[in-house]
Each structure stands twice: as structure tokens, then as C-alpha cells.
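What follows is one structure encoded as C-alpha cells, with my remarks underneath.
The values are calculated or read from the model by the stated rules, or taken from the named source; none is laboratory data. In this text, all values refer to a predicted model and were calculated from it rather than measured experimentally. Ideal geometry is used to build each Cβ from the backbone, glycine not excepted, and the neighbour counts take in all protein chains shown.
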Amino acid sequence: MKKALHFGAGNIGRGFIGKIISEAEYEVIFADVNDKVIDQLNIDHEYEVEVVGEHAVIETVKNVSGIMSNDSAKIREVGEHVSLITMAVGPNVLKIIAKSIADIIKDRYSAGIKDELNIIACENMVKGTSFLKENVFEYLSDEEKKYVDEYIGFPDSAVDRIVPPTSAVGKKVTYVMVEEFYEWIVDQSQIKGALDIKGMIKVDNLMAYIERKLFTLNTGHAITAYIGKLKNHKTIDESILDESIRSVVKGAMKESGEVLIKRYDFDRETHYKYIDKIIKRFENPYLKDDVDRVGRQPIRKLGKNERLIKPLLGTLEYNVPNDNLIIGIASALKFESDSDEESIKLNSLIKEKGMKEALKEVTENSINDEIISKVEKVYNSL
């Protein structure tokens, strides 16, 4: 049986990526800092995933085990024998695990291993694997880099599945709940050797799919959370059923959609159906996804290559409307959560420098003064 190492035994790791890889007849070794989850995986060698929708089903993921991600010796030992490494750790952690990936590559190079290995970051970020590769290369010699070019693939990917936190009473710590819909799209031009996994879609034009997901699912999800929070809603499904929120979210998705249609020649009718499908997913009453969870890390989400600012910049490039996106950005600047460090930091920044300067700082001066003034006007009205 082929082996895969997956960094991040959280809900996305177990409920999405690990599940698909296991179903493709890989033995999946999870690496994580959560010793309770790792211990349970090693006791059971399986876990339950509840897929919720109109017809809820519980599926068992088998052939799994776990290692502590801070056990570098064990990580290196496992890394010599796998043909696939994936991760769902959050964009901020990729830099941290780059050293572990580099150590695995060094060991394989020293051992003269010529079996192909593919390493895929499954994150909510554009070109996450390329970002990881850049950080891994900082630890490698020129000879090791040549070895990577020949035998190790770093394919970028786009992932999409809503996996909310669960606190199921009476369930094991490894239990996870997911929605029915999922999409895992990988750039086939960056794959080394054969990589055949049912449920993985391999494409040539990955950026179109990355931006489709970022500009639709991520943009809509974030705006639903930020306006929902302002209107005292607790969950995404509750928020999207509020018509005043729904109209802004759908409007923002259509604005970002016009950018995609012009940039990638998407069919408008097909894309509008995709927007409707996303909104239907937000309505899923079984997920109960918390607006505080979806809205967390507002500074990152207001970055120039992220879900709010990148589509906005596209509307300026293609001269299409952006009123609803501006409402979403203003709402993000109002987000307050005592449990989120970035929210606290953003609010402090606004108090210290004012909204305009704070927005310029977090967006790296990527938007013009006219747009900033429009955001300020909406911000002051909220």
C-alpha cells in the first residue's frame, strides 16, 4: 500500500484531504501537535466522518495513524517512505513546516531515492505550494535543488469544502463533520510522475479555478460573516437567510464574477449557477458555522492578494461595479472578536491611526484614495 504523510490532523485534514487520500488506497500518516488526536488515531487506526446535507451519512476512514509534528526524527523517518505529502495547516504555518519538508528532501537525496514524490499545500491561499517551495529551497543546496527539479513535484492546488468545528457529545476526538460538496483541483503541469487520486481534479489553468473559488466561496463566506456579526447573527446559515445580508453577498459575488468572466472568459450563466450553488451551501442548516470562526484573521483576509481586496482590484482593472465589495471591506474593518488576535490588532490600529491609514497599511497601499474614501463613507454608516 502506498503511503502519504499529511501535516495537520485538524478538521480539514481529517474531514477532507486525509479522507480522499485514504479512499485512494493510501496509508495516511497524520502529523500534528495535538497529542490527543494523534493518540486516538494510533489506537483506532480509523475515524468517523459525518457528511451532512439532505441525507446525512457517517463514513469510516481507515488505514490511518499519527505522529507528533514536533518529532523531527520520526517525520524524517516517515518522509523517506512516502510518495505523497500534503498539508492543511493554515497559511501562516507553511513557513514553519518548510524546515521539516527540507529535511525529508535532504534525506531522500542522501539515500539516492529516485521515486517521485509530490508535495501539495491544501490551503486557502493563492499558490500556497509555490510559497512553501520557496521557503523549502532556503534550506537546500544547489545539488539538492537539482534533485527536487528531477524527482519532486510541488503542484499548486485549490481546495473547497466547508468543515466547521464540531463539539459532538459522546463522539471521539477524531470525529469530524463535513458538507457534501468538495473540490480539490491540482495543477497537473507541476506533478511529478503519476498521481491518480479519485476526487482530485487535475487541470492546466489552475489560476482560473483558484480565483473562482477565492472570489466566490471565500469572498462570499467572509462578507456573510462580517455583516452577520454586525447584525448580531451567530452562524453563517442564520446570516445568509437575512435578506439584507444575502443581497450584499450575492451582489459582491456577481461583482467579483464579472472580473472572472472578463479575465478567464467564463460563461456568465454557468458562473451564476456556481454562485447560487455557493449560497445554497451557506444555507446548510446542519453545518452551524460560527461567524466568529469564518471572520477570524481579518488582517490576512484584507491582504492585497486575498478574498476582499483582490476581486476589488479586479473591478478597477476591468471597470466593473464594486459597491457590494466595498460594503464587505468596510464590514471587515468593523469585525470585533475577543478571541482573535488579528481582530484585536486591527481595532487597535484603527484607533491609533484612523480607518483610512489602517486600511492602507493592511492592504499594502494597493487601493487608491478614491476607493478608500468610499470604504470610509460606508464604514462610518455601519
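Here are the numbers for the structure shown:
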| quantity | calculated |
| --- | --- |
| Some residue of region 127-149 being under 25 Å from Ile309 (Cα atoms) and among the aliphatic types (A, V, I, L, M) | yes |
| Qualifying residue in region 25-41 (condition: surrounded by 19 or more Cβ atoms within 10 Å (Cβ to Cβ), closer than 17 Å to Ile152 by Cβ and among the hydroxyl-bearing types (Ser, Thr, Tyr)) | no |
| Lone qualifier among Thr129, Thr86 - being buried (at least 19 other Cβ atoms within 10 Å of the Cβ) and in contact with a His (Cβ under 9 Å, 6 or more places away or on another chain) | Thr86 |
| Yes/no for Ile227 being of a type in the set (Val, Ile, Thr) and assigned by TED's automatic domain parsing to the domain that holds Leu84 | no |
| Lone qualifier among Asp103, Asp160 - being acidic (Asp, Glu), in contact (Cβ under 8 Å) with a residue 40 or more places away in the chain and on the phi < 0 side of the Ramachandran plot | Asp160 |
| Given (1) outside any strand (DSSP E or B); (2) buried (at least 17 other Cβ atoms within 10 Å of the Cβ); (3) over 22 Å from the mean Cα position of the chain (by Cα), index of the condition Ile67 fails | (1) |
| Members of region 259-290 that are of a type outside the set (D, E, K, R) and either out of contact with any helix residue (DSSP H, G or I) (no Cβ under 9 Å at 6 or more places or on another chain) or part of a loop (DSSP other than H, G, I, E, B) (or both) | Phe266, Thr270, Asn284, Pro285, Tyr286, Leu287 |
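Table: residues versus (1) touching a strand residue (DSSP E or B) at 6+ places or on another chain (Cβ under 9 Å); (2) farther than 29 Å from Glu50 by Cα.
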{"position": "Glu123", "(1), (2)": "yes, no"}
{"position": "Glu143", "(1), (2)": "no, yes"}
{"position": "Lys146", "(1), (2)": "no, yes"}
{"position": "Phe154", "(1), (2)": "yes, yes"}
{"position": "Val169", "(1), (2)": "no, no"}
{"position": "Thr174", "(1), (2)": "yes, no"}
